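Data first, discussion second: the structure below is written as structure tokens.
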Amino acid sequence: MWSKNKVNLMKILINNDVTSIEQLTEVLNLKKRAIYFYIKEINDLLKKNNVNLIENKWNEGFVFNGDFKIVERLVEDEFYLFSHEERLSNICFDVLVYPSSGKNLSHYANIFGVSKNTIFLDVQKAPELMSKFNLTFSFNKDKEICIDGDELSKRHFIITFVNDFIKSNEDFVVKKLFKVKDVRNCEIIDITKKVTSLLNEIGIYTNENYFKFLISYLSILKIYYSKKSFIEIPNHILVQIKDSIYWSTCSSIFKYFFGEDQGNDSEKAYLAILMVAGNFPFNEDEVETSSNKQKKFTDDLKKTVNMFVNKIELNDYIYFNNKEKIIRDIWIHLIRSFLRIKYLSVNFEYVKVIKKEYENIFNTVRENIYTLENFLKLKLLDDEISLIALYFVSDLYSQLNSKNTRVALIYSESRNIGGIIKTQLLDMFNNLEIREFMNVKEFLDDNNKDHFDMVLSSVELPWEITYLKVDKVLTEENKKQINKEINEILKSKSATKIHCKNIFLPEDFSIIENEVKDWQNVVNQSCNNMLKNKKISQDFVDTLSKNLNDFKEVSIISKGVALLHGPISKNHKINCSFTLFKKPVSFFKNNEKINVIIVLCPGNSISHIDAIKEITEMLSNKNLLDQVIKCSDAKELSELILKE
């Protein structure tokens, strides 16, 4: 029989030439014994169907020479064993979306091909699962399963199911439980394409993953609406959405769901929010012109965000590079996301990455998130918390090389005791980089003491050495002293300004006189100088183009100026090109007219974030930008910029 773990194992083997057992255990989060057992079972199935087997190459790993279509065919022909979690979420979903009599334990035992006792054990955890969505799970007098709760909570669960099962599994697995038309309605695919195309024209882009989610969720919603249970959206939000351009843009999807004159306005608003993921364009100027009620909400929200950031700064001894920017960014993020958080609760696929890569920051934000939740009167799930954590990540890691405090930690007794201080420091201070961890003798013999910004020691050091004395276990007073010292060091580093001469060379400037219409040609022309001078490779250009095409988004750093930020490459130092287009260009039907394009190839020798700040600050000067546009040749252009 097949299962999700076996399918995922085969996907990994097919996509890689050789895969070690260590790699499989890490990616699948399974023990080695389980993987060996799965491979034996898969090989039995492959052998039975006269297909190439999985081979174990000595000292290398596992290899499978075959096509994924083989797996698809075998899964369709063989029994598929759903996991406990899959069966449980499928049962709850089925009760909500396909309500009918006879939905008892025997019914689901027949569907999944397992015993009635297995289903009974599955549903023991149903009340706990449903409580996460503010829903209740119970049995009626006929021993049929019932799920009750408000309409919004039911939609949240359905969205989660679509993300976790329908969108994340291969079609041949989904088809084991669903008819294709139920989750891939052809009419909905056509209408959604039409609406997303219209949204593109007004600057709202739908990436491929969200489009796939929309198709499945809207297909299910069409079935679900037969229940005639409507959601309710407050009137002041309804007015805001009905007055927006999205209302008319989404008219064709309204018509499909509700006919010519029918339809609940709240449900139409729900669909509009869904189509744009709740991302209504919003900036500080719009706050000033908004209604008194909305302005009070946004003003109070900004004060709450300020309180939230201050708490993190105070409680976790964090120094921010640009605290005001974090407050403003989170404030705008919450205004834009409010409707999505309240009505959709859509999962984001990169949450696990954020929680794993930036665990300390994520946990710090989650511990303090109640400040925002109490004001918004909403429960923020890990998905939204991870997005908010990204603003802190961006600030704290933006200048990893130049803005971290390099520390030498000196201990007096055993390395284990010194390790207690080291663990405390790394848990409390995100800006610390412990370069050396040594005893007194090792430190005094070190000839490179200038490599450290700060020396911490639990033992007395000679008078000529500047250091901070700390206890063997950090006290509150130690923490305050360290925090104060870090702030002084980082403020000093922040005062250092990068000059344009450290970013551009005369050869990095070019002027394009002819009209360039295609965005790909714009990218090629902008990268041409760096390619010609072998500062970047064609791979860099290809990756940059792919990212632009995937996300359909260009960073506008000043009016008429765009920054194309390429992938970080360890093979390059920081490189930039400065291209002036005499005839303005645009990207992806965006109305923004661009005359200057900066292409940035990040490197580690100079903080590329510092470079971006310097470029942004310089080109925010309208007078300078006017002079730039008037330049007649590359030499004149380079002299103008490099003198700044």
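Put simply, the Cα atoms of region 82-152 extend 32, 24, 19 Å along their principal axes, the longest span coming first. Dividing the convex hull volume of the alpha-carbon atoms in region 1-144 by its residue count gives 140 Å³ per residue. Rg over Rh for region 22-93 works out to 1.02, using Cα positions for both radii and the Kirkwood form for Rh. The fraction of accessible area contributed by carbon and sulfur in region 1-155 is 49 percent, rounded to a whole number (1.4 Å probe; ligands and nucleic acids excluded). Working note: Cα gyration tensor of region 163-260, eigenvalues times five, square-rooted, sorted largest first, giving semi-axes of 26, 17, 13 Å.
The values are calculated or read from the model by the stated rules, or taken from the named source; none is laboratory data. Just so it is clear, the structure is predicted and the values come from calculations on it, not from any experiment. SASA here: full protein model, heavy atoms, side chains in, ligands and nucleic acids out. Shrake-Rupley method; radii C 1.70, N 1.55, O 1.52, S 1.80 Å.
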